[in-house]
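Peer 1: Questions regarding the structure given below will be posed in turn.
Bear in mind that the values in this text are calculations on the coordinates, not laboratory data. Note that this is a predicted model, so its numbers are computed, not measured. Methodologically, a virtual Cβ is constructed for each residue, glycine included, from the backbone with ideal geometry; neighbour enumeration extends over all protein chains shown.
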Amino acid sequence: MNAISALAIVPFVSVDNMMRLVLSIGIERFLVELSTYIEEDFRRWPTFDKTPRVASHSVDGVIELMPTSDGALYGFKYVNGHPKNMREGKQTVTAFGVLADVGSGYPMLLTEMTLLTALRTGATSAMAARHLAPKGANTMAIIGNGAQSEFQALAFAAILGIRNLRLYDIDPAATEKCRRNLAPLGFSIKVCRSGQEAVEGADVITTVTADKQYATILTDNMVGSGVHINAVGGDCPGKTELHRDILKRSSIFVEYAPQTRIEGEIQQLAADHPVTELWEVLDGSAPARKSPDEVTLFDSVGFAIEDFSALRYVRDKLAGTSFYQELDLLADPDEPRDLYGMLVRAEMAI
């Protein structure tokens with residue numbers, strides 16, 4: 001076989017190398033820096049292609065493609081959401097992504113995004129809360145203590161300084177797992193016996209459950225004035241976490257309204273119910289929290305620009321490291337029009 005052309009090589013970040021990269025940077029620093037990239041891209045929101053993700057739904061879950069481009073770079077993520085997987089010893093969410101050069105169409109990066117999605121989700125939630133949560137917030141309830149819960153806690157600690165946690169899950173083993181993972185990291189943790197107990201005294205309420213169904217994780221009486229709700233778990237049609245009455249008295253902030261109206265908590269409301277896209281807050285064209293008593297809701301379903309930011313961040317951080325493999329991914333014949341000849345010459349070289 002002929003020597004592999006440099007043009008054929010695409011950097012590939014495996015799960016192992018992603019873990020090495022994150023740990024070499026430090027998890028909290030990684031979250032802070034990643035949130036900066038996400039906020040930078042939200043501030044230039046009009047430059048991006050935007051479309052609701054392309055979803056293939058089944059009775060078992062959903063498989064989605066999430067593409068976007070800023071005109072210079074193109075990124076997409078493949079991601080699934082299958083709540084039943086946990087019962088089979090599999091991840092509920094898995095993902096991988098690609099970053100490409102718009103000018104040539106050549107991929108520049110292929111990476112795992114299961115870990116990276118968990119990190120970017122936490123970073124996005126905390127970045128939004130920095131603008132929407134009450135000033136001086138120091139206590140967060142986390143309802144749903146599965147795979148995303150620790151990333152939410154770490155992101156809110158790194159970006160908002162929140163270190164008081166109140167944990168609840170219908171599965172006590174999940175809560176114990178979360179408590180055990182976070183306890184050595186300087187958090188003050190209260191294990192709660194109900195969602196109602198968890199929200200008592202909380203400035204921020206994070207809901208991050210996995211069941212693919214209309215659910216009522218928070219009822220209206222559980223939400224007092226002045227709190228910020230970080231609703232992460234509702235992310236597809238027919239899957240919600242909040243009672244409709246909470247939405248009706250909240251100031252609602254979303255990533256991309258056309259997608260959130262399909263997948264988020266606001267699928268319960270009229271199609272013209274007023275919401276604010278987060279980028280409008282960041283560029284100053286819309287207000288964030290307007291009063292101490294206001295209930296703010298970040299109806300987060302995840303949007304492709306966040307993944308684009310994460311891919312861009314990882315590509316920048318890889319420079320000068322060994323945390324990737326050189327993947328022979330692209331055919332590069334000596335003569336661009338002679339792809340068949342490349343195959344023939346390979347046969348002759350065997």
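Peer 1: Any chance you could count the Lys pairs in the chain whose alpha carbons are under 20 Å apart, treating pairs 8 or more apart or on different chains as valid?
Peer 2: Close lysine pairs under the 20 Å cut-off: 13.
Peer 1: Using amide H atoms built in the peptide plane, which far-off residues or other-chain residues are under 5 Å from LEU327 H to H?
Peer 2: Residues meeting the amide H criterion: VAL10, PHE12.
Peer 1: Tell me the label only: which of (i) 19.8, 55; (ii) 22.6, 75; (iii) 21.5, 76 is Rg and Dmax of the Cα atoms in Å as calculated from this structure?
Peer 2: Looking at Rg and Dmax of the Cα atoms in Å for this model, the match is (iii).
Peer 1: Nearest 20 debye, what's the magnitude of the dipole of region 122-302 about its Cα centre given +1 on Lys and Arg Cβ and -1 on Asp and Glu Cβ?
Peer 2: In debye, rounded to 20, region 122-302 gives about 500.
Peer 1: What are the ³J(HN,Hα) couplings of region 262-279, residue after residue, when phi is run through the Karplus curve with 6.51, -1.76, 1.60 and θ = phi - 60°? Round to Hz, x for glycine and proline.
Peer 2: Values, residue by residue: 8, 10, x, 4, 6, 4, 7, 10, 4, 5, 9, 4, x, 9, 10, 6, 4, 4 Hz.
Peer 1: Let me ask something else. Round to the nearest 10 and give me the degree value, 0 to 90, for the angle of helix 27-43's Cα axis relative to the longest principal axis of the chain.
Peer 2: Helix 27-43 sits roughly 90 degrees off the main axis of the chain.
Peer 1: Now a separate question. What is the magnitude of the charge dipole of the chain about its Cα centre, with +1 placed on the Cβ of each Lys and Arg, -1 on the Cβ of each Asp and Glu, and no other charges, expressed in debye to the nearest 20?
Peer 2: Charge dipole, the chain, about its Cα centre: 960 debye, nearest 20.
Peer 1: Go through region 299-310 residue by residue and turn each phi into a ³J(HN,Hα) via Karplus (6.51, -1.76, 1.60, θ = phi - 60°); whole Hz please, and just put x for glycine and proline.
Peer 2: With coefficients 6.51, -1.76 and 1.60, one gets 8, 8, 10, x, 9, 4, 5, 5, 5, 4, 4, 5 Hz.
Peer 1: Further question on the same structure: Among THR240, GLY103, TYR78, pick out the residue whose Cα is farthest towards the positive end of the charge dipole of the chain, where Lys and Arg carry +1 and Asp and Glu carry -1 on C-beta, about the Cα centre.
Peer 2: THR240
Peer 1: Taking amide H positions as placed 1.01 Å from N in the peptide plane, with prolines and chain starts having none, which residues 5 or more places from GLU277, or on another chain, fall under 5 Å of its amide H?
Peer 2: Here VAL254 satisfy the definition.
Peer 1: Say the dipole of region 122-302 comes from +1 at the beta carbon of Lys and Arg and -1 at that of Asp and Glu; which of SER285, THR207, ALA155 then lies farthest toward its positive end?
Peer 2: ALA155
Peer 1: A further question follows. Starting with the highest mean, order 271-278, 120-127, 76-83 by the number of other Cβ atoms within 10 Å, averaged over the residues of each peptide.
Peer 2: Per-residue mean Cβ counts within 10 Å order the peptides as 120-127, 76-83, 271-278.
Peer 1: From the P(r) of region 122-302, could you give the percentage of C-alpha pairs in the tail past 26 Å?
Peer 2: 21 percent
Peer 1: As I understand it, the dipole of the chain uses +1 on the Cβ of Lys and Arg and -1 on the Cβ of Asp and Glu, about the Cα centre. Which of PRO184, GLY89, TYR340 lies farthest toward its positive end?
Peer 2: Ranked along the dipole, the leading option is PRO184.
Peer 1: Once phi is turned into ³J(HN,Hα) by the Karplus curve 6.51 cos²θ - 1.76 cosθ + 1.60 with θ = phi - 60°, what whole-Hz value does each residue of region 225-234 show in order, with x for glycine and proline?
Peer 2: Listing the rounded values in order: 5, x, 8, 10, 9, 9, 8, 9, x, x Hz.
Peer 1: Using modelled backbone amide H atoms (1.01 Å from N, in-plane), which distant-in-sequence or interchain residues come within less than 5 Å of LYS190's amide H?
Peer 2: Under 5 Å from the amide H of LYS190 lie the amide H atoms of LEU165, ARG166, LEU167, each far enough along the sequence or on another chain.
Peer 1: Now, a different point. Pull up the DSSP beta bridges for the chain and report the antiparallel fraction as a percent, rounded to 5.
Peer 2: Once the DSSP bridges in the chain are tallied, antiparallel ones form about 50 percent.
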